[in-house]
Amino acid sequence: MTRKRAGLVALFGVALLALAVEPAAAQTADSTTESLIWGLNQNLLYVAIPITVLVEGILIYTVWRFRNSEEALPTMENRRLEITWTIATAIILLFVGVASYQVMASPYVTASAGDSAELAEQNPERIEVVAQRYGWTFNYGQTDVSTQGTLRMPANQEVVLRITSTDWLHAFHVPGLGLKSDAFPGQYNTLRTVANGPGTYQLYCAEYCGSGHSQMLGTVEVLPQDEYDQWLESQQNETAN
C-alpha cells in the first residue's frame with residue numbers, strides 16, 4: 001500500500017466517522033446546561049476522531065506492510081518524531097483541559113454550595129428542591145406554593161434550583177435537561193439553567209438511598225411563561241382560600 005493510497009483511506013475514514021458523529025452532536029439542546037455539555041462532547045469528538053483514525057491507520061498499515069516478516073525488526077531512533085508527538089500530545093491535552101474546565105466550571109453545569117453563584121438575571125425564578133425518603137417536594141420562591149412529585153418551571157427564563165435533603169444523601173438528576181446535583185441534609189447546592197422550550201422530563205434520584213430508591217421518581221414540566229404564571233397564581237389563590 002503506497003503512502004498516497006494510505007492517506008486517501010485515512011481521509012475516507014475520517015469523513016465516515018464525522019458523518020456518523022455529526023447527527024448526534026448537532027441535536028437541539030433542551031436547556032442551557034445540556035447545550036454546554038453537548039458542545040464540550042462535540043469538541044472532544046473532533047479531537048478524538050483524527051487521533052483514532054491516525055492510530056488505526058498506522059496499525060493497519062504496519063500489519064499489512066510487515067505481514068510476511070518472520071521476525072520483528074528493531075525500532076530506529078528518531079528524535080524529530082519523538083519531539084513531534086510529545087509536543088502534539090501536550091497541545092491536545094492542553095486543549096482538552098481548557099475546554100473541559102470552561103464547561104465544568106460553569107454554574108449552569110456544576111452545582112455550587114449555597115447561594116454564592118452570581119446570577120445572570122436580577123430576578124430568576126427560585127425553586128427549592130427538597131429530597132426525602134422516597135419522594136420530592138418543590139417550594140416556589142417567596143410564595144406558599146408547594147408541589148409533590150412534579151416540578152414545574154418556566155421556559156426561556158433563568159431558574160435557580162436550591163437542592164437539599166431532610167434525611168440523608170440523595171441526588172437530583174434530570175438527564176433530559178442535563179441537570180444533576182447531590183442533595184445533602186442541612187445544606188444547599190445551587191443549580192442554574194434555562195429551559196429552551198416546553199416539555200416533560202423524567203426526574204430520578206441518582207444516589208442509592210435505601211429500599212425505596214428505585215421508586216424515588218418525579219417529573220419536570222417546563223411550561224410557557226404565561227402558563228407558568230397562571231398556574232402559580234391559581235396555586236396561590238387555592239392556598240389563600
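The numbers here are math on the coordinates, done by the rules we state, and not lab data. Keep in mind that what you see is a predicted model, and the values were worked out from it rather than measured. We place every Cβ from the backbone using ideal geometry, glycine too, and count neighbours over all the protein chains shown.
For Thr52 and Asp144, the difference between the fully extended length at 0.36 nm per residue and the C-alpha to C-alpha distance is 27.6 nm. Our estimate of slack between Gln225 and Leu59, defined as 0.36 nm per intervening residue step minus the Cα-Cα distance, is 54.2 nm. Close amide H pairs (under 5 Å, H built 1.01 Å from N) link Ser165 with Ala131, Phe184, Gly186, Gln187, residues at least 5 positions away or on another chain. The modelled label-to-label distance between Asn78 and Asn237, using points 7 Å beyond Cα along the C-beta direction, is 7.8 nm. Summing +1 for each Lys or Arg and -1 for each Asp or Glu among the other residues whose beta-carbon sits under 13 angstrom from that of Ile87 gives +1.
Using the Cβ-Cβ distance between Leu44 and Arg133 with R0 set to 45 Å, the FRET efficiency from 1/(1 + (r/R0)^6) comes to roughly 0.75.
Summing charges over all other residues whose Cβ lies under 12 Å from the Cβ of Ala195, with Lys and Arg as +1 and Asp and Glu as -1, gives -3. The local environment of Ala206, defined by Cβ-Cβ distances under 13 Å, has a net charge of -1 under the rule Lys, Arg +1 and Asp, Glu -1.
With a Förster radius of 41 Å applied to the C-beta separation of Ser106 and Thr166, the computed FRET efficiency comes to 0.90.
In segment 115-240, taking the dipole from charged Cβ atoms about the Cα centre, the farthest positive-side position among Ala155, Leu223, Val130 is held by Val130.
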